[in-house]
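So the structure is just underneath, and the comments pick up after that.
The values are calculated or read from the model by the stated rules, or taken from the named source; none is laboratory data. In this text, all values refer to a predicted model and were calculated from it rather than measured experimentally. Using ideal geometry, Cβ is built from the backbone for each residue, glycine included, and neighbour counts are taken over all protein chains shown. Note: accessible area is taken over every heavy atom of the protein model, side chains too, but ligands, DNA and RNA are not part of it. Shrake-Rupley method; radii C 1.70, N 1.55, O 1.52, S 1.80 Å.
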Amino acid sequence: MKSIAVYIWIAGLFVCGNASVIAAFGFYPRQASNRRQHHDVRKLSSSAVNSNISGSNNISINAPSGISWEVFVSQANKSNKDKGVLSASSVMESFASFSPSPGAITVNAAFFTTQPNKAIGKGKGHLVRCIQKKEDLTLSAIEINNVDSVEKVYRIVTEHMRLTTVNPKACDCMKYYFQGNESLEEGDPSKAIAMYNEALSLADRRTRQTSQLPKGSILMKRARAYLQRAANHRKILRSLVKDLTDTVPSASTMKILYQTASSNPELSASIFQRLAGDSKVNQGKFRQIRYRHDMHEFALLHATQDSLQATKLLPQSANAWYIAGECLAELRKLNESNQYYVRALALDPSMKDVLTGLMEKNKLSQEFMDVARASGFSGDTLRLAVDVAAS
C-alpha cells in the first residue's frame with residue numbers, strides 16, 4: 001500500500017555565531033583507472049541553507065542529544081527507472097541504514113525550491129543536501145549532486161559527514177539488497193533470493209552494531225521472491241497435471257478397450273501392451289508432478305518463515321503482517337492467515353477494503369476444504385487439488 005505523502009514546509013534553518021562555517025569536501029567516485037573524476041559537492045551559503053524545502057516521508061528515529069545530520073533527498077528524478085541508477089527511495093533507505101546509531105541521521109524526501117546549476121545537474125542521480133545540527137543550531141551543510149549508487153551514499157556518510165564508524169560491510173549488504181530488488185522486479189526470483197541471501201549473511205556476520213541495516217525489509221523481499229518462485233512452480237505443476245489428464249484413459253475409454261479385447265481376442269495382447277507402456281509413461285509423469293509440488297511447498301515454507309520473522313523485527317509494519325498473512329494463505333493456513341490480516345488492518349486501517357476481501361476469500365476456501373475432508377479427501381490429494389485449482 002502506498003502511504004499518503006505528507007508535505008511539510010521546512011524553513012528557518014538559521015546559522016548562528018561562529019558556527020556558520022560551512023565545510024565542503026571533494027567527491028571522487030572509485031574508477032577502474034587511477035584517474036579520479038570530480039563529482040559535484042559544494043558548500044551551501046547561509047541563504048541556501050535557509051531556502052525553503054518541501055519535505056515528506058520522513059525516515060527518522062528519536063534523535064539523541066548532541067550532533068546529528070538531517071539529509072534531504074530530492075524527488076525530482078523519482079520516476080527515473082534507468083538500470084543501475086538507484087531510486088530516490090533507495091537513496092533514502094541507504095542513508096538511514098548507514099546511520100551509526102538511532103537518530104544520528106534523519107532522512108527526508110524533499111522537493112527543493114532551488115535546483116542546482118544546470119551545468120552541474122546533467123547526471124541521472126539525485127540531489128542531496130546534508131545539514132549538520134546540534135539541537136536547533138545549524139553547524140554546516142553540503143550539497144551533492146548526481147547521487148545514484150550505494151557506494152556514493154556510503155562515501156558521503158563516511159567522508160563528507162565523517163561518520164567513520166559505519167561498517168564497510170553495510171555498504172556491501174545494501175548493494176546486494178538493491179540488486180535483489182532489481183532481480184525481483186525483472187521476474188528472476190532465483191537470482192533475487194541469491195542476492196538477499198548474501199545481504200542477510202553480511203547483516204548477520206557483523207560483529208558490532210554500527211549501522212541500522214534493514215534486515216526486516218530484506219526478509220520481506222525474500223519472502224516475496226519465494227512466493228514468486230512458488231508461483232512459477234505452480235504454473236509448471238498445472239501444465240503437468242493437464243498433460244497427465246489428457247493422456248490417462250477415461251473410464252469410458254477403458255470400457256471400450258475391454259469390450260474390444262473381449263470381442264477380438266487376437267487384439268487383446270497388443271491392447272494390453274499399449275496400456276502397460278502408457279502406464280509406465282504416466283508413472284513418470286506422476287513422479288514429475290510429485291517433485292514439482294514438493295518444490296512448490298518448499299518455496300512456500302521458506303516464504304512463510306521469512307515473513308513471520310519479519311513481523312518480529314518490524315512489529316509495527318502493517319506490510320510485514322500483510323505479507324505473512326499472504327504466505328500463510330498460500331500455505332493453506334487460512335485461519336492463521338486471517339489473524340495476521342487482522343493485525344495488519346489494526347496497524348493500517350486504509351487497507352480495510354483489500355484485507356476484508358482477502359479474509360472473506362480465506363473463509364470460503366476454509367469451508368471448501370472442510371467439506372472436502374468430510375467427503376474423504378485428505379493429505380497430499382487435497383493439497384495438490386487446492387494448489388492446482390488456486391487462482
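Students often get this wrong: which residues of segment 137-151 have the backbone nitrogen under 20 Å from the point 7 angstrom along Cα-to-C-beta of E186?
148-151
If each of Y291 and F377 carries a label point 7 Å out from its Cα toward its Cβ, how far apart are those two points in nm?
Those two pseudo-labels are separated by 2.6 nm.
For labels at S101 and T165 in the simple 7 Å Cα→Cβ model, what's the distance in nm?
Those two pseudo-labels are separated by 0.5 nm.
Once label points are set 7 Å from the Cα along Cα→Cβ at both L244 and N335, what is their separation, rounded to one decimal in nm?
3.0
Rank H233, H302 by accessible area, highest first, at a 1.4 Å probe radius?
On the way: H233 20, H302 50 Å².
Putting H233, H302 in descending order of accessible area: H302, H233.
5 Å is the cut-off here: which amide hydrogens, built 1.01 Å from N in the peptide plane, fall below it relative to G103, excluding neighbours closer than 5 in sequence?
Residues meeting the criterion, in which the H sits 1.01 Å from N, are I61.
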